[in-house]
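K.L.:
For reference, the structure I am asking about is given below.
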Amino acid sequence: MKVLAVELHRVAIPLVRPFETSFGRQTGRQVLLVRVRTDIGDGWGECVAGSDPVYSSEYVDGCENVIRHYLAPALLAVDDIAAESIAALFAFVIGHRMAKAVIETAVLDAQLRAADTSFASYFGAERTEVDCGVSVGIAPTIPALLDEVALYVAKGYRRIKLKIKPGWDLEPVAAVRELLAPDALLQVDANTAYTLLDLDHLRRLDDYNLLLIEQPFAEDDIRSHVFLAGAISTPVCLDESIVNTELALDALARGATSIINIKAGRMGGYLEALALHDACVEQAVPVWCGGMLETGLGRAANVALAALPGFSLPGDTSASDRYFAEDITEPFVLREGRLAVPTGPGSGVTVREELVSAWAQRPVELLREI
Ligand code: OSB
Ligand code: MG
């Protein structure tokens, strides 16, 4: 296909409740949506980058900039492109994986819509619905946390993930474990808030039958994760550190992680996420699908990915109403703790363009070949 134009849409969407992690508190999302206009039809993608470079080095204005000045010009300059060749086309730009991922996804959406194929069938999905967990932010008080967790349990979520940080860890985990059945699926995510000096403290999490502890240490500190994994019984799961398949295989071989949180945006796109999934299946390493508070657009692709056979743990693929009062696509609705995998061509969802323009932070930016 030939990409004729790249549109950058910026939308601000409030969250139904603030989301607090060890790296900050968020009350809404400033989302970058990309539409590619091609000779075989249009495709959409959602950039997962946050407003600030605090989860990773990427942030939404930075993604926009690298797309505007490097990725879109490279894409618009080629006469024939397919999603499978995007990574090679963009290899001249170092890093900027979330920026690359949104373009690759939009191109894949256009390509699959034209071929009347869903993301799920292209990915090799085997399930028609996926088990869902929910990521619960740091709350102002323990009672407020318990209220929020009880709400999600009542809605049917199959796994609870608690955000933790120094000063908000053992107490909330103990209280939530008390609220849940002893064998209910419970895990924690530290978003790099600890160091090895906290080892004895983190070991106390072993008392709560946790599925895993996600990313306790810095993104580039594989060595400390190896040490922790050898010193506690709770499995260690990496998120931020896993930026490509090769690094994931290295972390696995070194024993830094025994479970992996797969997020396509963090890895440069769904094709790299598929490669990691396949490598993990080969090594019998369980994986689950992470989330970045996506709208229905990004969620559609995540749900399709989570339907692959290696995704053996519930993902952070929650329903639209966990995030937004109104979604920019048809909403994802939880049924018996599961979301249905979209079956239509491409992402299978439709962007509600009237909402995208009503909520726009600024006019659409149109990039064309110069
Ligand atoms: O660490 O998994 C994370 C949200 C934004 C950035 C990082 C993370 C998260 C979540 C929420 O935990 C996952 C979701 O519900 O989308
Ligand atoms: Mg995480």
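K.L.:
Helix-only estimate, please: 222 nm mean residue ellipticity of the chain, summing -39500 (n - 2.57) across DSSP H runs of length 4 or more and dividing by its residues, to the nearest 500.
P.N.:
Helices in the chain give a 222 nm mean residue ellipticity of -9000 deg cm²/dmol.
K.L.:
Treat every Asp and Glu Cβ in region 120-340 as -1 and every Lys and Arg Cβ as +1, leave all other atoms uncharged, and give the resulting dipole magnitude about the Cα centre to the nearest 20 debye.
P.N.:
Roughly 240 debye for region 120-340.
K.L.:
Still on this structure, please answer the following. Which length gain, in nm to one decimal place, applies between Ala184 and Val93 when the Cα-Cα distance is subtracted from 0.36 nm times their residue separation?
P.N.:
28.4 nm
K.L.:
Also, I was wondering about something else. At 10 °C and a viscosity of 1.306 mPa s, what translational diffusion coefficient does Stokes-Einstein give for the chain, taking Rh as the Kirkwood radius over Cα pairs? Give it in µm²/s as a whole number.
P.N.:
Value of D from the Cα-based Kirkwood radius: 77 µm²/s.
K.L.:
Per-residue counts of other Cβ atoms within 10 Å, averaged by peptide: what ranking do you get for 160-172, 311-323, 351-363, highest first?
P.N.:
Peptide ranking by packing, descending: 311-323, 160-172, 351-363.
K.L.:
Please report the spacing between the Cα centers of region 340-370 and region 233-247 in Å, no decimals.
P.N.:
So the separation of the two Cα centres works out to 31 Å.
K.L.:
Of all the accessible heavy-atom surface of the chain, with the other protein chains kept in place and a 1.4 Å probe, what percent is carbon and sulfur?
P.N.:
Carbon with sulfur: 52 percent of the solvent-accessible area.
K.L.:
How much of the DSSP bridge set in the chain is antiparallel, in percent, rounded to the nearest 5?
P.N.:
That works out to approximately 60 percent antiparallel.
K.L.:
Under a 1.4 Å probe, what is the accessible area of the chain per residue, stated in Å²?
P.N.:
40 Å²
K.L.:
Further question on the same structure: Figure the gain on full extension for Ala144 and Asn65 (residue separation times 0.36 nm, minus the Cα-Cα span) and round it to one decimal in nm.
P.N.:
24.5 nm
K.L.:
Moving on. Could you state the principal axis extents of the C-alpha atoms in region 265-337, from the largest down, to the nearest angstrom?
P.N.:
That works out to 40, 28, 14 Å along the principal axes.
K.L.:
Under the Kirkwood approximation for Rh and a Cα-based Rg, what ratio Rg/Rh is obtained for region 188-282?
P.N.:
My calculation of the ratio gives 0.97.
K.L.:
Tell me, in nm to one decimal, what length is gained between Asp220 and Glu171 on full extension, where the rule is 0.36 nm per residue of separation less the Cα-Cα distance?
P.N.:
Contour length minus Cα-Cα distance gives 14.8 nm.
K.L.:
Sticking with this structure for a sec: Placing unit charges on C-beta atoms (Lys and Arg positive, Asp and Glu negative, everything else neutral), compute the dipole magnitude of the chain about its Cα centre in debye, rounded to 20.
P.N.:
The calculation lands at about 380 debye.
K.L.:
Here is a follow-up. In region 120-340, what percentage of the DSSP-assigned beta bridges are antiparallel, given to the nearest 5?
P.N.:
So the antiparallel bridges amount to about 20 percent of the total.
K.L.:
How about Lys161: which lysines have a C-alpha closer than 22 Å to its C-alpha, ignoring those fewer than 8 places off in the same chain?
P.N.:
List returned: Lys263.
K.L.:
Something else: State the answer as a single residue: which of Gly137, Ser118, Ala106 lies farthest towards the positive end of the charge dipole of region 96-153, with beta carbon charges of +1 for Lys and Arg and -1 for Asp and Glu, about the Cα centre.
P.N.:
The residue sitting farthest along the positive end of the dipole is Ala106.
K.L.:
Under a straight-distance cross-link criterion of Cα-Cα below 24 Å, which lysines are reachable from Lys155, leaving out those fewer than 8 residues away in the same chain?
P.N.:
Lys163
K.L.:
Quick one: Cα convex hull volume of region 120-340, Å³ per residue?
P.N.:
With only Cα atoms used, region 120-340 gives 114 Å³ per residue.
K.L.:
Could I ask something else about it? Once you list every other residue whose beta carbon is under 14 Å from the beta carbon of Ile328, what net charge do they have if Lys and Arg are +1 and Asp and Glu are -1?
P.N.:
The answer is -3.
K.L.:
Let me ask another. What Rg and what Dmax come out for region 191-236 when only alpha-carbon atoms are used, in angstroms?
P.N.:
9.6, 28
K.L.:
Less than 11 Å Cβ to Cβ from Leu297, Lys/Arg counted +1 and Asp/Glu -1: what total charge do the surrounding residues give?
P.N.:
With Lys, Arg at +1 and Asp, Glu at -1, the neighbours total -2.
K.L.:
Using the alpha carbon gyration tensor of region 112-205, what are the three equivalent-ellipsoid semi-axes (square root of 5 times each eigenvalue), largest first, in whole Å?
P.N.:
33, 18, 12
K.L.:
Still on this structure: Would you work out which of Val173, Val153, Leu212 lies farthest towards the positive end of the dipole of region 143-291, given +1 charges on the beta-carbon of Lys and Arg and -1 on that of Asp and Glu, about the Cα centre?
P.N.:
Val153
K.L.:
Determine the sum of side-chain charges near Gly156: Lys and Arg each +1, Asp and Glu each -1, restricted to other residues whose C-beta is under 9 angstrom from that of Gly156.
P.N.:
Overall, the nearby charge balance is +3.
K.L.:
Would you be so kind as to identify which of Val243, Tyr270, Ala306 lies farthest towards the positive end of the dipole of the chain, taking Lys and Arg as +1 and Asp and Glu as -1 on Cβ and the Cα centre as origin?
P.N.:
So the residue furthest toward the plus end is Ala306.
K.L.:
In addition: Taking just the alpha-carbon atoms of region 218-264, what radius of gyration and Dmax come out, in angstrom?
P.N.:
For region 218-264, the Cα radius of gyration and maximum Cα-Cα distance read 9.6, 30 Å.
The values are calculated or read from the model by the stated rules, or taken from the named source; none is laboratory data. Only a predicted model underlies this, so the values are computations on that prediction, with no experimental measurement involved. Note: ideal-geometry Cβ built from the backbone for every residue, glycine included; neighbour counts use all protein chains shown. Accessible surface is based on the protein model in full, side chains and every heavy atom, while ligands, DNA and RNA are left aside. Shrake-Rupley method; radii C 1.70, N 1.55, O 1.52, S 1.80 Å.
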